[in-house]
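Q: Please read through the structure below; I'll follow up with questions.
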Amino acid sequence: MAKNIDEIISYTPAELRVGKETYVSLYAYDPLSNKLRRKRYKLNHIESSAERKRYGRELCARLNEQLRNGWNPFIETDSGKGYAKFEEAVTDWIRRQERLMKDGVTREATYVEYASKVRNLLKYNRNQCIPIVYIYQMDASFLNDFLDYIYIDRGNTAKTYNNYIRVISVMCKFFLARGYISTDPCAQIKSISRNRLPQKERNVISSADLRKIYEYLSEHNRHFLLACYLEYYCFVRPKELSMLLIGDISYKSRTILIRKEVAKNRKEEITTMPEVVIRMLIDLDIHAHPDNYYIFSDNFMPGRDRRSEKTFRDEWLKMRRKLKLPENYQFYSLKDSGVTDMLEKNIPAIAVRNQARHSSVSVTEIYTQRRERKANEEIAKFEGNF
C-alpha cells in the first residue's frame with residue numbers, strides 16, 4: 001500500500017519571508033496529523049530590519065541542515081528526548097546494562113548478549129547510505145530492515161532472529177518509559193513461532209570419547225578434569241564454576257552450595273556430589289586451602305583470583321583439538337551427557353531434574369530423546385490371536 005504523499009515528502013526547506021511580518025517558514029511531516037504541517041519562527045522581535053534578515057538567513061541554513069539530517073520540529077515538540085542522537089541514546093543504554101551487570105542485578109551473559117546485539121544495530125545504521133540520526137527515527141520500518149539484514153543477508157538462524165527481537169524490544173520499552181519515543185516500534189514486530197524452530201541439539205559425548213578425555217586430563221591437567229567432573233556429575237554451569245569457593249563444598253552433607261549471587265536463576269540451591277567427585281576433591285587436596293579461595297584460579301588450581309567462564313571454554317577447545325574430537329562437543333556438552341547418562345541408568349527424572357536445577361521435569365525429559373532406542377523385548381516376543 002502506498003504511503004501518504006506527505007509522509008513520503010517529509011519536509012520542505014525553510015525560507016525567509018519578509019513583509020509586514022518577518023518570519024522563517026517550513027513544512028514538516030507531523031506524524032500525529034499524518035500530513036505536512038507548517039512551522040513558523042517569528043522574527044519581528046528583532047528591531048533592526050537588516051538584522052532580522054541576516055538572522056533569518058542564518059536560521060534557514062541551520063534549520064535546513066537539521067532537516068536534511070532527519071530532524072523533525074514536531075517530534076521535538078512532543079518529546080524533547082526524541083531529538084536525542086540515536087547513537088548516543090543507544091550507547092547510553094548499553095552503559096546502563098553494564099552498570100546493572102556490575103551491581104549484580106543482571107548476569108554477565110545477559111549484558112554480553114545485549115551489548116553485542118545492540119552494537120550490531122549501531123554498526124548496521126552506520127553502514128546505511130542515509131543513517132538515522134535521531135532516536136525518534138528508530139521506527140518499525142527501520143527495525144524490520146535491520147532484522148531482515150540479520151536473518152537474510154547475514155544468514156543467522158531463526159532463533160537468533162528471535163533473540164534480536166527480544167533484546168531490541170527490551171531497549172525500546174526502556175526508551176518508551178523514559179520519553180525518548182512516543183510509541184514502541186517493536187510492538188508490531190512478530191517473532192518466528194517457536195513451534196517452527198528446529199529442536200535444540202543436545203550434543204551427547206560418547207562413552208569412548210569421555211574415556212579419552214578422562215585419560216588425557218588425568219595425565220595433563222587433573223584440576224581441569226575436576227572442572228569437567230563438576231560439569232558432568234553436578235551440572236554446575238561454567239559461570240558458576242568460575243565463582244565457586246572452597247567454602248561452598250560440604251564433605252559432610254556431600255553437597256555443593258550454589259549461592260544466589262552465583263546461580264543463573266538467582267536462587268540459592270545445592271547440588272549433590274557423587275562419591276567419584278568427592279574422591280577427586282580429596283586427591284587434589286582442595287580442602288587444604290582457605291574457604292575464601294576460588295576452587296578454580298590460575299591453572300585451574302585453588303587461589304585468590306577469580307577466572308572468567310571463558311577460561312573453561314578455552315581450555316576445553318585446546319583439549320578437543322589435541323584429541324581431535326568433534327567440533328560439536330562443547331564444554332557444556334558435559335552437562336548434556338551427564339543428564340542423558342543418568343536417565344539411561346534409570347535414575348528417576350525428578351532426581352535428575354533437581355540435580356540439574358531444571359525448571360520442570362519436562363525440560364529434563366527433553367534429554368530422553370537422545371537415549372538409545374531399543375525394541376521392547378516383551379512386544380518383540382508377542383504373538384496375538386490374529
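Bear in mind that the values in this text are calculations on the coordinates, not laboratory data. Everything numeric here is computed off the predicted structure, so don't read it as measured data. Counting neighbours? That spans all protein chains shown, and the Cβs are built from the backbone with ideal geometry, glycine included.
Q: Select one label from (i) 179, 49, 39; (ii) 100, 72, 36; (iii) 57, 45, 39: the one whose number is Cα extents along the principal axes in Å as derived from the coordinates shown.
A: (ii)
Q: To the nearest 0.05, how large is the calculated FRET efficiency for LYS212 and ALA351 if R₀ is 25 Å and r is the Cβ-Cβ distance? Kindly include the intermediate steps, with their values, before the conclusion.
A: Working: r = 28 Å, r/R0 = 1.14.
Working from the Cβ atoms, E equals 0.30.
Q: Figure the gain on full extension for SER48 and ARG306 (residue separation times 0.36 nm, minus the Cα-Cα span) and round it to one decimal in nm. Before the final figure, lay out the partial values.
A: Working: separation 258, 0.36 × 258 = 92.88 nm, distance 7.09 nm.
Here the segment from SER48 to ARG306 would lengthen by 85.8 nm.
Q: Give the order of HIS45, HIS223 when sorted by the count of other beta carbons within 10 angstrom, beginning with the fewest.
A: Values: HIS45 7, HIS223 18.
Least crowded to most crowded, the residues run HIS45, HIS223.
Q: Then there's this: For a 32 Å ceiling on Cα separation, which of these pairs sit above it: LYS173/LYS335; LYS35/LYS85; LYS252/LYS324; LYS123/LYS260; LYS35/LYS173? If you can, show how the numbers build up before the last one.
A: Details: LYS173/LYS335 35 Å; LYS35/LYS85 24 Å; LYS252/LYS324 40 Å; LYS123/LYS260 36 Å; LYS35/LYS173 27 Å.
Beyond 32 Å: LYS173/LYS335; LYS252/LYS324; LYS123/LYS260.
Q: Moving on. If each residue's Cβ is checked for other Cβ atoms within 10 Å, how do ARG259, ARG96 rank with the fewest at the top? Walk me through the numbers before you get to the answer.
A: On the way: ARG259 16, ARG96 13.
Listed from fewest to most nearby Cβ atoms, that is ARG96, ARG259.
Q: Over the range 184-322, what is the relative contact order in percent, taking alpha-carbon pairs closer than 8 angstrom and at least six residues apart?
A: On the way: 141 pairs, mean separation 28.6, N = 139.
It rounds to 21 percent for the range 184-322.
Q: Pull up the cross-link candidates among the lysines for LYS42, meaning alpha carbon to alpha carbon under 17 Å and not fewer than 8 places away within one chain.
A: Candidates past the 8-residue exclusion: LYS20, LYS53.
Q: Using 0.36 nm times the number of residues separating SER10 and THR106, minus their current alpha carbon distance, what extension gain do you get? Before the final figure, lay out each step's value.
A: On the way: separation 96, 0.36 × 96 = 34.56 nm, distance 4.09 nm.
Once the chain is fully extended between SER10 and THR106, it gains 30.5 nm.
Q: Further question on the same structure: When a footprinting reagent is the concern and you count Cβ atoms within 10 Å, what order do TRP71, TRP316 take, fewest first? It would help to have the intermediate numbers written out before the result.
A: On the way: TRP71 20, TRP316 23.
Neighbour counts put them in this order, fewest first: TRP71, TRP316.
Q: To continue, here is another question. For the chain, what proportion of DSSP beta bridges, expressed in % and rounded to the nearest 5, is antiparallel? Show your work: numbers first, answer last.
A: Values: 22 of 22 bridges.
Expressed as a percentage, antiparallel bridges in the chain total about 100.
Q: Which length gain, in nm to one decimal place, applies between ASP314 and ARG37 when the Cα-Cα distance is subtracted from 0.36 nm times their residue separation?
A: 93.8 nm
Q: Now for a separate question. Over the chain, with a Gaussian network built from C-alpha contacts below 10 Å, which listed residue (ALA50, ALA89, ALA140) shows the highest mean-square fluctuation?
A: ALA50
Q: In deg cm²/dmol, rounded to 500, what helix-only [θ] at 222 nm does the chain give when every DSSP H run of at least 4 residues adds -39500 (n - 2.57) and the total is split over its residues? All intermediate terms of the calculation are to be shown ahead of the outcome.
A: Numbers: 16 runs with 180 residues, N = 386.
The helix-only estimate for the chain comes to -14000 deg cm²/dmol at 222 nm.
Q: How high is the FRET efficiency from ASP139 to ARG17, r the C-beta distance, R0 45 Å, rounded to 0.05? Write out the running numbers ahead of the final one.
A: Numbers: r = 32 Å, r/R0 = 0.71.
In this case the efficiency is close to 0.90.
Q: What shape does the range 207-370 take by its C-alpha gyration tensor, where a ≥ b ≥ c are the square roots of the eigenvalues and a/c under 1.5 counts as rounded, a/b above b/c as prolate, and the rest as oblate?
A: Numbers: a/c = 1.55, a/b = 1.09, b/c = 1.43.
Judged from the Cα gyration tensor, the range 207-370 comes out oblate (a/c at least 1.5, b/c at or above a/b).
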